[in-house]
Amino acid sequence: MNKLVVLGSVNADHVLQVASFPRPGETLHGHSYCVIPGGKGANQAVAAARLGADIAFIASVGDDSFGHQMLETFANEGMNTEAVMVEENMPTGIAMIQVAATGENSICISAEANACLTAERIKPHHALIANANTLLMQLETPIETIEAAATIAKQSGTKVVLNPAPAQPLTDDLLQLVDMITPNETEAELLTGIKVEDMASAQQAADALHAKGIKCVMITLGSKGVWISQGGKGQQVEGFRVDATDTTGAGDTFNGAFLTGLQAGRKMDDAIRFAHAAAAISVTRMGAQTSIPHLSEVERFLTEHS
């Protein structure tokens, strides 16, 4: 069975380049419109597959040309697609993305087929979760499904990793099922009430999450790297400085790459550095899945920055 299972969303990303984000009531001219593969679950699954992970993906796509194209793409990336379900008379999920000249992005999503990934629909695929080493999830699919999958994983000894994005409140019952959580500063503040402004406050937020039963907390800090805390002891692992073109999907690339690094036998710090390299390469390119590097590129980047 596959060592890593990713459960999550699949989106068609409608991307428009803009000089700056429009204010309410303002109309701006954009350029370079395109539709590219996205969705946090799919991004993380593709990152893991492209970097060499042994992976299966649990997801729902629409019965449209994009959904069928994505199913073929996932298979070509080398992942197990037996649990990627096609929903009749439903479009694939969509995301409307504006990318500013600074590289920052603004995103609105509509779940569509992702909303069909219910706890009932994943029952035939419980064995994938139960026999995996690690289950990675995000928050673009129904929360009841995430809870059901986490419960199956916990009962089976499968490690549960949650990337709590997009930010939303979560129950303590769900958090108690999580072994590792990977929020950014905004998500960490929403979950703990502690504003993450520096390393001291990052550890305070981590301690609050430890108190909810989560053994490993990794707070991503953008250009400052990550704050990783285990057993109440934390440290900063810095990232790489590059000129960003588009940050879309960078966090997803990091999450998929990090677990791939651990799966390959890398120690925690080395797996984080591996993930930092993959994310750094991705922000120099346009798009989400289109920006994710291959293993050889990450290895070359690490050699050049050693």
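The values are calculated or read from the model by the stated rules, or taken from the named source; none is laboratory data. Predicted, not measured: the structure shown is a model, and the values here were computed from it. Backbone-built Cβ (ideal geometry, glycine too); neighbour counts: all protein chains shown. Heads up: the accessible areas ignore ligands, DNA and RNA and are worked out on the full protein's heavy atoms, side chains in. Shrake-Rupley method; radii C 1.70, N 1.55, O 1.52, S 1.80 Å.
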Q: Could you please find all residues in region 224-249 being open to solvent by 10 Å² or more (accessible area, probe 1.4 Å), under 18 Å from Asp270 (Cα atoms) and not charged (D, E, K, R)?
A: Trp227, Gln230, Gly234, Gln235, Gln236, Val237, Gly239, Phe240
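Those residues that are in contact (Cβ under 8 Å) with a residue 24 or more places away in the chain and part of a helix (DSSP H, G or I), I need them from region 282-306; list them, please.
Ser282, Gln289, Thr290, Ser291, Leu295, Val298, Phe301, Leu302
Yes/no matrix, rows are residues, columns are (1) modelled with pLDDT of 95 or more; (2) closer than 28 Å to Tyr33 by Cα:
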position	(1), (2)
Gln203	yes, no
Lys215	yes, no
Ala250	no, yes
Leu259	yes, no
Arg266	yes, no
Ala278	yes, yes
Thr290	no, yes
Q. Does region 87-105 hold any residues that are at pLDDT 90 or above and either part of a loop (DSSP other than H, G, I, E, B) or buried (at least 17 other Cβ atoms within 10 Å of the Cβ) (or both), and which are they?
A. Glu87, Glu88, Asn89, Met90, Pro91, Thr92, Gly93, Ile94, Gln98, Ala100, Ala101
Q. Of the residues in region 7-49, how many are out of contact with any helix residue (DSSP H, G or I) (no Cβ under 6 Å at 6 or more places or on another chain) and surrounded by fewer than 24 Cβ atoms within 10 Å (Cβ to Cβ)?
A. 21
Q | Scan of region 51-72 for residues that are at negative phi, surrounded by fewer than 24 Cβ atoms within 10 Å (Cβ to Cβ) and touching a residue at least 60 places away in the same chain (Cβ under 8 Å), ordered by number | A | Asp54
Q.
If a residue counts only when it is more than 29 Å from Asn2 (Cβ to Cβ), which helices (runs of 4 or more DSSP H) contained entirely in region 123-212 have at least 2 such residues?
A. 185-192, 199-210
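Residue by residue, here is whether (1) assigned to a helix (DSSP H, G or I); (2) closer than 14 Å to Gln138 by Cα; (3) of a type in the set (Asp, Glu); (4) touching a strand residue (DSSP E or B) at 6+ places or on another chain (Cβ under 6 Å) holds:
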site	(1), (2), (3), (4)
Met1	no, no, no, no
Val5	no, yes, no, yes
Asp13	no, no, yes, yes
Phe21	no, no, no, yes
Leu28	no, no, no, no
Pro37	no, no, no, no
Ala42	yes, yes, no, no
Ala49	yes, no, no, yes
Gly52	no, no, no, no
**Q.** Residue satisfying condition, being among the aliphatic types (A, V, I, L, M) and under 29 Å from Ala59 (Cβ atoms), within set Ala167, Ala202, Ala206, Ala211
**A.** Ala167
